[in-house]
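What follows is a set of notes on a single structure, which appears directly below.
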Amino acid sequence: MRFYLVDRITEMELGKSAKGLKCWSLTEGIFNEHFPGYPIVPGVLAIESMAQLLGILLEKSHLANFGEEHESYAVLSIVHKAKFKSFLLPGDRAEMVGKLNTFDINHGNGVVDTFVDGKLISSCDLSFVLIPKSKMPNERLVDMRNEYFNILTQAESQRGQTIL
């Protein structure tokens, strides 16, 4: 992945929901050009952040439900709806809440809401296809995705909280 847009996963209930954080820092390169003098998070990156959280929930739920022999990776396929009530700004701590609506061995769908200071900022209805591990382009990509999940849940694990 070029952009890692979830900083931490704080809760996960397999097959149901996940909560995660993204802290948008002014030092991120996206703010240099978007927009000069008035930096805001591009909507497409806000959607990608929400998709990453829901995609991880879908992957882990799929693994728990169908087993390692059907291990798969979520790829965003459809943004059904994206609503933005306000801009995400540098310094915002975005709290995302993702909920799976449905999933089977090949697909998944859910919604993610993003909050800043308790206020709803954005909402997305997203669909994914699940690519079997055996069809991933290379093992390095699989390893990188697994390492990313471990990093996202590391802080909670060190505090004695279990995510899965």
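Observations, loosely collected:
- ³J(HN,Hα), Karplus 6.51/-1.76/1.60, whole Hz, each residue of region 53-59, x for Gly, Pro: 4, 5, x, 5, 4, 4, 4
- Calculated from backbone phi, Karplus (6.51, -1.76, 1.60) coupling profile of region 6-20 in Hz, x at Gly/Pro: 10, 8, 7, 9, 9, 8, 8, 10, 3, x, 10, 8, 8, 10, x
- Average Cα contact separation per residue, the chain, under 8 Å, 6 or more apart, as relative contact order %: 26 percent
- Among 14, 26, 120, 58, a tally of other beta-carbon atoms within 10 Å of each Cβ gives an order, fewest to most, of 26, 120, 14, 58.
- Long-range HN-HN contacts of residue 8 with modeled amide H, under 5 Å: 21
- Structure-based [θ]222 nm, the chain - -39500 (n - 2.57) summed over DSSP H runs of at least 4, per residue, nearest 500: -9500 deg cm²/dmol
- Kirkwood hydrodynamic radius of region 54-120, Cα pairs, Å: 13.6 Å
- Between 0 and 90 degrees, the angle of helix 139-158 with respect to the longest Cα principal axis of the chain falls at about 70 degrees.
- Taking each residue as 0.36 nm, the span from residue 136 to residue 89 lengthens on full extension beyond its C-alpha to C-alpha distance by 13.4 nm.
- J(HN,Hα) series, region 72-81, from Karplus relation 6.51 cos²θ - 1.76 cosθ + 1.60, nearest Hz, glycine and proline x: 9, 10, 7, 10, 4, 10, 9, 9, 6, 8
- Applying a threshold of 18 Å to the alpha-carbon distances of 60/83; 85/119; 81/135; 16/135; 19/81; 60/133 flags 60/83; 81/135; 16/135; 19/81 as lying beyond it.
- Scanning residues 5 or more positions from residue 122 or on other chains, those with amide H under 5 Å from its amide H are 85, 114, with H placed 1.01 Å from N in the peptide plane.
- Net charge contributed by nearby residues that have their C-beta within less than 9 Å of residue 57 (K/R +1, D/E -1): +1
- Modelled FRET efficiency - R0 45 Å, residue 146 with residue 81, Cβ distances, 0.05 increments: 0.90
- Largest to smallest principal axis extent of the C-alpha atoms in the chain, angstrom: 51, 37, 31
Every number in this text was worked out from the coordinates using simple rules, so none of it is lab data. Because the structure is a prediction, the values reported are computed rather than measured. For neighbour counting, all protein chains shown are included, and Cβ atoms are generated from backbone atoms with ideal geometry for every residue, glycine included.
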